[in-house]
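Read-outs: derived from the displayed coordinates by stated rules, not from any lab. Predicted model, so just to flag it, every value in this text is computed and none were measured. Every residue, glycine among them, receives a Cβ derived from its backbone with ideal geometry; neighbour counts consider all protein chains shown.
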Amino acid sequence: MQYPIWIGSNAMAMNVDVDSATKDMPGKVESTVLSVPVKTPMINQISDVVYEQVPMRGYPNVAMKMDILQPKSDTKQPAIVYVTGGGFINANKDNGIQLRMHLAETGYVVASIQYRVAPTARFPEPLEDVKASIRYLKTYADQFGIDPERIGIIGGSAGGYLTAMAATTSGTTTFDKGDNLQVGSDVKAAVDLYGLSDLTRIGDDYSESVKKAHQSPGATEALWVNGSAVFGGQDGGILANPEGAKKANPITYISKTSAPMLLMHGTKDTVVSPSQTDLLFQALQKHNIPSKRYLVEGAAHGGVYWNQKEILDIITAFFDSYLKN
């Protein structure tokens, strides 16, 4: 078996037959030759890409960043925005690495974003951030090897909720604010993993004490919608602001331009009621929006179930049907 080697500054190539060079070695043990089909692409990570600068309490301009996983390809690829969860009070874009890598390995540019959170921000500012990230990817599609006509979105928990909001308002200019307004923030497909829908009913399916906790002024959904009373927000729990809660409900915005959705929820979720994704699913079905919902037996709110092949394959097949085929 011959391999080229390079000798000297003039880079003269010589072919060396490794087998011939070693065939007379006493006691030689043969190496195993592997034949490896190339199926998985090279993945590059581009970290801390600033997609917008926004005001946040105490700061006039705060950089919102995304991390991009970019499969090496000679053609433009579809892209998926990943929206992390965090209970409305944090947004760590480092999360979801197994899901993001899986999607990248199957041929998607994947952008994991940070966004503003309560109590320093309140709805709809975080949704404005999500939409700004979509517009950024479309505007700079050539730079990242993206087909701007094939953008999807996925998120879990609070990220699933923001994904649902982006999907139901897709095809409209509702909540488009900031830079790159020459392009839209519409998406072609969305995956909502154990996300919230009606913020006034997060505790449904649970005990009375849990329901009461969700109605308290300290509940994060109340801060998300009402803000802090100390800094100009409205005092009271989520039920004190029914109009604000309705405006923060993805069901409110379902229209004929809403994106197709896949919804998934664990039967052992003790943080967000499984009925939350069902409320949205039933509304999507009523409006004839292509949608499907899975209940994952034994799965909790996040955790190991959501990284299993069966789950990842369902998610990938859904995105493939709208972004590749």
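Counting Lys +1, Arg +1, Asp -1, Glu -1, what net charge surrounds T252 among other residues with beta carbon under 13 Å of its beta carbon?
My count for the surroundings of T252 gives 0.
Count the DSSP beta bridges whose two residues both fall in region 44-323, then state the antiparallel fraction as a percent rounded to the nearest 5.
The answer is about 35 percent antiparallel.
Pull out the extension gain between S31 and R57, defined as 0.36 nm times the separation in residues minus the alpha carbon to alpha carbon distance; nm, one decimal.
Gain on stretching S31 to R57: 3.0 nm.
Do any trypsin sites (Lys or Arg not before Pro) in region 46-121 lie in a DSSP loop with no more than 11 other beta carbon atoms within 10 Å, and if so, which?
For trypsin sites (Lys or Arg not before Pro) across region 46-121 that sit outside H, G, I, E and B with at most 11 neighbouring Cβ atoms in 10 Å, the list reads K72.
In whole Hz, what ³J(HN,Hα) sequence does region 189-199 give by Karplus (6.51, -1.76, 1.60; θ = phi - 60°), x for Gly and Pro?
Computed from phi, the couplings for region 189-199 are 6, 9, 10, 9, 9, 6, x, 8, 10, 9, 5 Hz.
At a 10 Å Cβ-Cβ cut-off, how would you order F281, F88, fewest neighbours first?
By the 10 Å Cβ count, ascending, the order reads F281, F88.
If amide H atoms are built 1.01 Å from N in the plane of the peptide, which residues on other chains or at least 5 residues away come under 5 Å of the amide H of V191?
Here I153, I154, G155, L262 satisfy the definition.
Mind sorting L323, L263 by how few other Cβ atoms lie within 10 Å of their own Cβ, fewest first?
L323, L263
Could you list L312, L193, L295 in order of exposure, starting from the residue whose Cβ has the fewest other Cβ atoms within 10 Å?
Exposure proxy ranking, most exposed first: L295, L312, L193.
Straight-line reach from K292: which lysines fall under 16 Å, measuring Cα to Cα and dropping same-chain residues less than 8 apart?
Those lysines meeting the cut-off are K188.
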